[in-house]
2 protein chains.
Amino acid sequence: MSEKNDLHEKDYKELNGVEGQKKIAELAKGIHICMMTTVSANGELSSRPMAVQDKPFDGTMWFLTSSTSEKIGEIEQDRHVLLTFAEPSDSKYLSLKGIANVSQDRGKIKELWNPMYKAWFPNGPDDPQIAVLRVEISEGDYWEASSSKIVMMTKYLAAAVTGGAVPVGEAGHVLV
Amino acid sequence: MSEKNDLHEKDYKELNGVEGQKKIAELAKGIHICMMTTVSANGELSSRPMAVQDKPFDGTMWFLTSSTSEKIGEIEQDRHVLLTFAEPSDSKYLSLKGIANVSQDRGKIKELWNPMYKAWFPNGPDDPQIAVLRVEISEGDYWEASSSKIVMMTKYLAAAVTGGAVPVGEAGHVLV
């Protein structure tokens, strides 16, 4: 269900330009935890909740994590990650594909740090175990509830900003 | 964050036996849509919301979908799937690893059918486009909020039922 070829064409649109980023930002707003999926060496998928930075979506997502966590090893072998956001109370579902990059950039860690991270890193932002995960989003899909369908899909594709005016609807495809 | 090696050992337990299945059932209850992640031929991950059958978790998850949907092609190439469930209002996050199998078993389609599916298959359960996805869950992880941590992790591993009594807590690891 819910994929392009499962829907009537009228329910499926593509979003383009900065409008697409704005739409993603609007949907992700208020969702403080996403699930990050990585691929392990044996081809298995694994996922875990990750705290989302409280800033509008601009095509790049940043996370703090432990440099010894399982996902870091997985990302070093296969940089494909998928971020999924769900808000059942609003029937909002968002899936963002990206390529992850790991660093231990101390300046970036301090920039991203907020007191919530103390639950994982009680020693604060100077803890040498902290790593930064930068995920460059290449494309995404999202689904919103409507009266006529349980969920409707929109496609988002991160690419060169075209500046072209493209219709934006409840469902569509985004080129950013 | 939130993985075993990111947490103090006291926050991480393993659940075993039927208790594990019951715990998963308890957590998944009331979450009517999960995200199903599959792997495409080029190694990219993709995910989409899927309606969850309204019955207690017993180690197998069943879905109805279109036989022409993108995920069916992906599953035919790589049967690894990941199901994630999120309920932000309760700080519940659940990730289940499994192996998917596609069929067009008419009897099973009729058994799983409910009127909600009419949104995707207006012609009803006899629509020849409908396929059944059976996902055998091999293991899972879940996270629940606590006062001391934003999320706490529990590991669930589907295996032979041991019948052994294993402590069940707010966080742990499940052998079913």
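Some observations on this one:
- The string of couplings for region A:54-61 from the Karplus curve (6.51, -1.76, 1.60, θ = phi - 60°) is 8, 8, x, 4, 10, x, 10, 10 Hz, one whole number per residue in order, with x for Gly and Pro.
- Each residue of region B:115-125 was assigned a 3J(HN,Hα) from its phi angle through the Karplus expression (A = 6.51, B = -1.76, C = 1.60, θ = phi - 60°), giving x, 3, 5, 4, 4, 9, 10, x, 7, x, x Hz with x at Gly and Pro.
- Peptide B:79-85 - average C-beta neighbours from other chains (10 Å radius): 5
- On the basis of the beta-carbon distance and an R0 of 25 Å, B:GLU70 and A:ARG106 show a calculated FRET efficiency of 0.05.
- Efficiency of FRET between A:LYS118 and B:GLN53 - r from beta-carbon atoms, R0 41 angstrom, step 0.05: 0.55
- Across A:LYS22/A:LYS71; A:LYS92/B:LYS55; A:LYS155/B:LYS97; A:LYS29/A:LYS92; B:LYS22/B:LYS55; A:LYS97/B:LYS55, pairs whose alpha-carbon gap is larger than 19 Å: A:LYS22/A:LYS71; A:LYS92/B:LYS55; A:LYS155/B:LYS97; A:LYS97/B:LYS55
- Euclidean distance between Cα centres, region B:42-58 to region B:71-143, Å: 5 Å
- Shielding score for B:91-97, defined as the mean number of other chain Cβ atoms within 10 Å: 4
- The mean sequence distance of close C-alpha pairs (under 8 Å, at least 6 residues apart), as a share of the length of region A:30-100, puts its relative contact order at 33 percent.
- Tail fraction, Cα-Cα pairs, region A:17-154, threshold 18 Å, whole percent: 57 percent
- Computed over neighbours whose Cβ is under 10 Å from that of B:VAL135, the net charge equals +2, Lys and Arg +1, Asp and Glu -1.
- Here is the list for region B:19-94: trypsin sites (Lys or Arg not before Pro) lying in DSSP coil, each with at most 16 other C-beta atoms within 10 angstrom of its C-beta, are B:LYS29.
Where a number appears in this text, it was derived from the coordinates with a stated rule and is not lab data. If you're wondering where the values come from, they're calculated on a predicted model, not measured in any experiment. So basically every Cβ, Gly included, is an ideal-geometry build from the backbone, and we count neighbours across all protein chains shown.
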